[in-house]
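Below is one structure, written out as C-alpha cells, with a few remarks after it.
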Amino acid sequence: MPFFVGSVALCLGVCLIGIGPLTNYYLSDSKARGENTMRLVVATLKGELARYERLPQLLAQQELVKDVVSDDEDPERVDAANAYLASINTLLGSSDLYVMNRDGLTVAASNYNSAVPFNGQNFSYRPYFSDALAGGEGRFYGLGTTSQRRGYYFAAPVRDDGEITGVIAQKIDLDLLEESWRAAEYEITVTDPEGIIFLSARHDWAYASLSPLSAEALQRSQAIRRYAEVPIGVLPLSVTGRYDGADLVTVDAQGGARRFLVIAQEMPDAGWTVRVLVDTASARAQAWTMVLLAVLAIALLTLGIAVLMQRRSRQRELARYQRETQAQLKSRVERRTAELASVNARLRDEVSERRSTETELRRTQRRLVQSAKLAAIGQMSAALSHEFNQPLGAMRNFAENAESYIERGRSDEARQNITRILSLTDRMTEISRTLRNFARKPRQQLGPVDLSALIAESIEVISWRLKGKAVRIDADAVPSGLKVVAEPVRLQQVLVNLLANALDALSEADDATITLTGNKTDDRVMLKIEDDGPGIPADLRERIFDPFFSTKGVGHGLGLGLSISYNIIRDFDGELRLLDASGNGATFEIELRAATGREGDHR
C-alpha cells in the first residue's frame, strides 16, 4: 500500500510542478514559428509593394498622359488615354490606373468602360493626391469610395516642361495576399496607425479597431475617407499579460474566448503594423499532453513493478506447472508440425494454380487493350467524318462563289472567298488536332472569347445551308462584348453542331426561326439556342447526349454531335443542357464562366 500511495503523490507533483515550465517551453517554440511567419508575411508585403512603387513615375512621363492632362476636353485624347491605361493596367496586373488634373478630377482611367468608372470622379481629398501634387511620392491605403474595394495607392506628379499639371495614381489589390493567409496556422492582421485592422485572415475582424478610437482619430480617418462609409467597430480584445516581450491577449469571438500571443512588426514605409496572433491553446495542449504522458509512464512503471512482484510469488508454482505441461506441449508440437507440412503442400499447389491463372489473365488483358484501341480508332474516325461535314459544305459554297466571281472578273470578292476557305481549312486542322485527344482531357489554354463575334463566325460557316430555305437565324439578343472563358475553335465547333441540328429539325418548315439569346448572371453566362421545330420526345431526352444516339433517320448523322459538344462544354467548366420548351421546338442552353479580364484574350 505505501508503494501505491507514493506513486499517486509523484503523479500529483508532476502535474503541479511540470505544467508551468512545459507550457513556457512550447509557447517559446510557438513564438519562434510565429516570428518566422511574421518575417515571411512582411517580406511578401514589401515585395508586393516594391513591384509597383516606381511604375506611376514612369507612366507620368508618357506623352499620352501629359496630353490628356493638358487638354481633357479633347475626346480623342481622352479616348486614347483611356485605352492606353486599360492596356497597361491589364499588363501590370494592378487594380486601377487613373489620371487627375490639378483639381483632383479624374480625366482618364483604365476602368472607363466598367459599370462604375473613375472618369469624372474627384479624389482631391485623398492624401496621395495632395502629396503627389506637391511634387512628392503619394502613398495611401484604404477602401475605394467608388469601387468599394480595398487597395494600396501609389501616385506621382505629371510634369510638363517642369510644371506639375496633374497626378497619375495606381491602385493595387491585396485581396489575393489576404486569401493566402486563410490557410495559415496563425491569425494574421495588418493595422493602420490608428489601430484599425485593414487586412485580416478573418473577415469578421476587418474594419475593427484594436481599442476604442478617440473622436480625433475617427475625424482623421473620415476626413480622408480611408474606409469610405464602412462603420469602424471594436475588436473584443483585452491584454492579459506578457511573455518574452510579447503581449498575451484574449479575444472574445463567437465560438468563445481565445488567448493569443501577439508578435508585431512595423512597416514604416507603408504606415502599417503587421501582427501575427499565435493561439496559446496549442502550447497548453502540448504541455498537458507531456504531463499526461509522464503520469502514464509513472502509472505503467508502478503497474510493472506490481506485476513483477506478483510473478515472483507465482514463479515456484509455475515451475511445477511447466514440468507437467512440457510433455503435453511436445506431443502437440509434433502434431502441429505434421499439419503445417500438409498445409504447405496445399499452398504450393494453390500458388502454382494462381500463377497459371495470372498468365491467362495477362493474355486476356492484352486482348482487351487491343480491342479498346480498335474501338477508340473507330470512334475517332466517326467523329472526324461528322465534324468535317459542316466546314466542307461551307468550303464548297465559298469555292462555287469564288469561281463565279472569277468568271465575272470580280477578283476582290473571289479573294475574300478564298480567304474564308483558308480560314475553314485552319479550323478543320484544329478540329483534327482536338479529335486526336478525344479519349483524354485536352490541354488547350482557356481564355476570354467574344461570344457575339464567335456566333457571327459560326452562322457564316453554316450559312450555305440557309440558301433556298425559309429559315432565319436571329442572334440579335446576344449582347456585344459578352465574353466567356473557353477555347474559340472548340466552342465554335459546339455552336455549329447545335445550329446544324436546329436546321435539320426545321428541314420541312415553311417559315421558321432559330433564336439565340445570351445573358450574364453573376459570374456565369447563359446562351440559349431555340428553334420552333417538332422538338424532342420526352422519352428520348435522357439519351440525347449519349454517343451514337440520334433522332434522325438512317444516313442523316452519326449521333456524335451532341455527345462531343457536351464533353467540350464540360472541359470549359460549363454545362450543356436540354431545357423544357414552352411551346414547340427544342431549347438547348450553354452555361459558361464569364471572363474576368485576367485570362489571356483569344479574341
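The values are calculated or read from the model by the stated rules, or taken from the named source; none is laboratory data. Everything quoted here is computed from the prediction, not taken from an experiment. Note that each Cβ is placed from the backbone with ideal geometry, even for glycine, and that neighbours are counted across all protein chains shown.
Is it true that some residue in segment 297-311 is surrounded by 10 or more Cβ atoms within 10 Å (Cβ to Cβ), farther than 30 Å from Thr191 by Cα, under 51 Å from the mean Cα position of the chain (by Cα) and modelled with pLDDT under 80?
Checked segment 297-311: at least one residue is surrounded by 10 or more Cβ atoms within 10 Å (Cβ to Cβ), farther than 30 Å from Thr191 by Cα, under 51 Å from the mean Cα position of the chain (by Cα) and modelled with pLDDT under 80.
Return the total of residues in segment 141-177 being in contact (Cβ under 8 Å) with a residue 60 or more places away in the chain, part of a strand (DSSP E or B) and within 32 Å of the chain's Cα centre (by Cα). Please lay out each step first, then the result.
So in segment 141-177, the residues in contact (Cβ under 8 Å) with a residue 60 or more places away in the chain come out as 141-145, 148, 152, 154-160, 164-174, 177.
Those still in the list that are part of a strand (DSSP E or B) too: 141-143, 152, 154-160, 164-172.
Filter once more, so that each one left must be within 32 Å of the chain's Cα centre (by Cα): 141-143, 152, 154-155, 168-172.
The number of residues fulfilling the criteria is 11.
Hey, among Asn501, Asn519, which residue is in a helix (DSSP H, G or I) and polar (S, T, N, Q)?
Only one candidate qualifies: Asn501.
Give the residues of segment 421-439 that are in contact with a Phe, Trp or Tyr (Cβ under 8 Å, 6 or more places away or on another chain) and modelled with pLDDT of 85 or more, sorted by residue number.
Scanning segment 421-439 gives a single hit, Ile421.
Please specify each residue of segment 110-140 satisfying the condition of being of a type in the set (Phe, Trp, Tyr), touching a strand residue (DSSP E or B) at 6+ places or on another chain (Cβ under 7 Å) and outside any strand (DSSP E or B). I'd like the intermediate steps shown before the answer.
So in segment 110-140, the residues of a type in the set (Phe, Trp, Tyr) come out as 112, 118, 123, 125, 128-129, 140.
If we keep only those that are touching a strand residue (DSSP E or B) at 6+ places or on another chain (Cβ under 7 Å) too, we end up with 118, 123, 128-129, 140.
Answer for segment 110-140, where residues must be of a type in the set (Phe, Trp, Tyr), touching a strand residue (DSSP E or B) at 6+ places or on another chain (Cβ under 7 Å) and outside any strand (DSSP E or B): Phe118, Phe123, Tyr128, Phe129.
In segment 452-498, what count of residues is obtained for those that are over 17 Å from Gly574 (Cβ atoms) and not in a helix (DSSP H, G or I)?
Final tally of qualifying residues: 14.
For segment 154-191, which positions are out of contact with any Lys or Arg (no Cβ under 8 Å at 6 or more places or on another chain), at pLDDT below 80 and hydrophobic (A, V, I, L, M, F, W, C)?
Within segment 154-191, Leu176, Leu177, Trp181, Ala183, Ala184 qualify.
Identify the residue in segment 120-140 that is surrounded by fewer than 19 Cβ atoms within 10 Å (Cβ to Cβ) and under 17 Å from Val65 (Cβ atoms) and, among all such residues, is nearest to the chain's Cα centre (by Cα). Before the answer, list the steps.
Restricting attention to segment 120-140, the residues satisfying the condition of being surrounded by fewer than 19 Cβ atoms within 10 Å (Cβ to Cβ) are 120-122, 124-125, 127, 130-131, 134-137, 139.
Adding the requirement that they be under 17 Å from Val65 (Cβ atoms) leaves 135, 137.
Numbers: Gly135: 41, Glu137: 35 Å.
It comes out as Glu137.
May I ask you to say which residue of Leu97, Leu91, Leu27 is part of a helix (DSSP H, G or I) and modelled with pLDDT of 85 or more?
Numbers: Leu97 fails: part of a helix (DSSP H, G or I); Leu27 fails: modelled with pLDDT of 85 or more.
After ruling out the rest, the residue left standing is Leu91.
For segment 178-189, which residues satisfy the criterion of being in contact (Cβ under 8 Å) with a residue 12 or more places away in the chain and hydrophobic (A, V, I, L, M, F, W, C)?
Those that are in contact (Cβ under 8 Å) with a residue 12 or more places away in the chain and hydrophobic (A, V, I, L, M, F, W, C): Trp181, Ala184, Ile188.
Which of the numbered conditions does Ser507 fail, given that it passes all the others? Conditions: (1) at pLDDT below 85; (2) touching a helix residue (DSSP H, G or I) at 6+ places or on another chain (Cβ under 8 Å); (3) assigned by TED's automatic domain parsing to the domain that holds Asp571.
Evaluating Ser507 over (1) at pLDDT below 85; (2) touching a helix residue (DSSP H, G or I) at 6+ places or on another chain (Cβ under 8 Å); (3) assigned by TED's automatic domain parsing to the domain that holds Asp571 leaves (2) as the failure.
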